Each structure stands twice: as C-alpha cells, then as structure tokens.
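Reading through the structure tokens given below for one structure.
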Amino acid sequence: MSKSKSKSKIKIKIKIKIKIEDQEGGIGMATTSAGTREDIRARLLGGQLVVGDGAMGTQAQILDPKALCPEQLLFTMPERIEDIHRRYVEAGAEIILTNTFGGSPHKLALAHMEGVGAHEVNRRAAEIARRAAGEYALVAGDIGPLGELVEPLGDISEGEALDNFRQQIGGLVDGGVDAIIIETVIDLAELRLAVAAMRELCRLPLIVSMTFDKVVDGYRTMMGTTPEETAEAALGLGADVVGCNCGLGIADHIEIVKRLRAVVSGPIMCQPNAGLPRLAGGKVVYLETPESMSAQVPALVDAGATVIGGCCGTTADYVRLARAAMGLPPRSMTSSS
Ligand SMILES: [Zn+2]
C-alpha cells in the first residue's frame, strides 16, 4: 500500500513538472506542416486575425434534447462532442472552447450532475477537445457563470465561488487546455473570483468575454456596466484578450467592439449569436444565416475584432464563411494529424 502510494506521488510530481513546462511554451508545442499551436498562440496574443469556433451548447442540445445538460454528453456520447469540435477545426477554427460552460460544481448540481465530480467533467472535456484540435487549434477551457450571483447580491459566498472555479479550472488544466476563457460574464465580482482561482492554478493566457444587453443608452451587462468599464476591469485583472459574446447578433456586436476598441489596445474577441433567438413552432430558431453573418464580418474586423467566431445558433458553416470573410485561406489539413 505504502509502496504504491509513493509511486503515485512520484507520478504526480512528474505530471506537475510537465504541466509547468507546457505552460512555458515548452514540450507541449509540437510542430506540423500546417503550423504550430505556438504560432496560433503568438498570433492570438499579438492581435492578428484568428478564427474562433461556433456554438457548443445549442449544438449539444440538438444531439440530445433530453440531456440533463450539455456536459452530460461528455459521458453519454463523447465521440459526438468530439465530432462537433472537429467540424469547427475542419471549418477553420483556430481556437475552440471546451464543452464546460456549465461545468462548475454549482451548475452541475443544478443539472443533477453533481455525482460525477466537476474535476472529472472538466478534465474529460479538455481531453476530448484537445484530441479534436490536434495542432490545428488552441483549446480554451470554457468557464461560464455560476448561475447565481455572489454575496451580498446572491447566495454564493466568495469562498464557495472560489472553490467552484478552482475545481473547474483544475480539471481543465489537467486535461491539457492551452488557455482559459471566462465568458458570458455579466458580474465583475464573479469575474474577479474566477481570475483569482485561475492565477492560483496556472499561467495560461486568459480571455475574458462579456455579454451585453441593448438598453436605452447603448449597451450594458445585466449588472449595468458598460463595455468600457468591463474592458478596463478585465485588463486590470491581466486579461490577455478581452471580448464580447452571446446575447446579441453581429450588428450589435460591431457597435460593442468599437467601444471596446476605444479602451483596449490588444486583441479583442467577438463571438455573436446567429441573431436574436425567435420562437417558431415551439422551437428556438436563429434568423442570421452563415451568409448574412459573414457579410458583416469585414465591418467587425474594421471595428477592431481580432478573434471572430460565433455563439448560440452558429455552426461550422458560419465559421467557414467567417474565415473567408476575414480574408484567410480555407483550412488545409494534412492526414498526419
Ligand atoms: Zn451564446
């Protein structure tokens, strides 16, 4: 017993050493003829154009409308989740998000998925995304909101929130993600706790992407902060990439990105929905087509976006056409990876 224990300790030590080397851009960055993850990372952080992926949540819902949550499919149909990632990579995505938007312990418990363990859910999701990405794309470990506000506005204490993010980010890092994205942020207090947990665990690039509503005086998060205020807060927390996603369609996101660009000199990520969702025949539909959305991509680039993908309702076709509209050549994939 004690022998096997000490053996596993040694294994853990070796694993930690590899992780640290990975994060410093060492052995984890293998090369292929199509470029390297290191190249994409340099372009991402250097503010050059990089293609994002499309939706995961709405795609997962199509796969199994009765699933407790999209994360459940990591266990019931992992190969189909890998297929969604792979279709995005084949369409030209260079950064893909793990299927862990609701992967915090709190969110998993709300979906009656607490039995699996958040670390396991997130590690597994990261491994599946990494397999699909190969060297063609970075994998960003996806952190969504906890689903409840932090005290005093909500019922989650700061300590609980920190622990939620620690468990989730720990699993994502162990599964081999290349970056962390904290997305669909509406509350800066929650964002600060997520970033604090991340800084304890890794030194990966950090993307912070906020969600805004259209209001009488422009755009604000649900908590009332403006694009400029949220961007300044994210930069103050050391975010490498700042952006906006979800909520609205691309026309509104162009306006939001213009405002972000007024205070952000570095990379800006933008992942709009495929337009506002509408109910038709009891189903949620998104009215923006790949063609209509991609027609507005040049204006989004002019506004200052450097990473462009899609959120709810978007698919691989949206990514393929957005990539072309960004002036990038179609993805060429060799069989070696
Ligand atoms: Zn969305």
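The values are calculated or read from the model by the stated rules, or taken from the named source; none is laboratory data. The structure displayed is predicted, hence computed values, not measured ones. Every residue, glycine among them, receives a Cβ derived from its backbone with ideal geometry; neighbour counts consider all protein chains shown.
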Helices (runs of 4 or more DSSP H) enclosed by region 54-142 - at least 1 residues per element that are more than 19 Å from Val185 (Cβ to Cβ), out of contact with any His (no Cβ under 6 Å at 6 or more places or on another chain) and of a type in the set (Asp, Glu) = 78-91, 118-133
remark   = Checked Phe212, Phe165 against criteria (buried (at least 21 other Cβ atoms within 10 Å of the Cβ), more than 30 Å from Lys258 (Cβ to Cβ) and not aliphatic (A, V, I, L, M)); the one match is Phe165
query = Which of (1) modelled with pLDDT of 95 or more; (2) more than 21 Å from Ala42 (Cβ to Cβ); (3) away from the ligand (no atom under 16 Å from the Cβ); (4) not in a helix (DSSP H, G or I) does Pro298 not meet, given it meets every other one?
reply = (4)
note = Residue pairs qualifying under the 6 Å Cβ cut-off, at least six apart or on distinct chains, with the first in region 77-89 being without any contact (Cβ under 8 Å) to a residue 60 or more places away in the chain and the second being part of a helix (DSSP H, G or I) and among the small types (Gly, Ala, Ser), are Glu82/Ala132; His85/Ala129; His85/Ala132; Arg86/Ala132
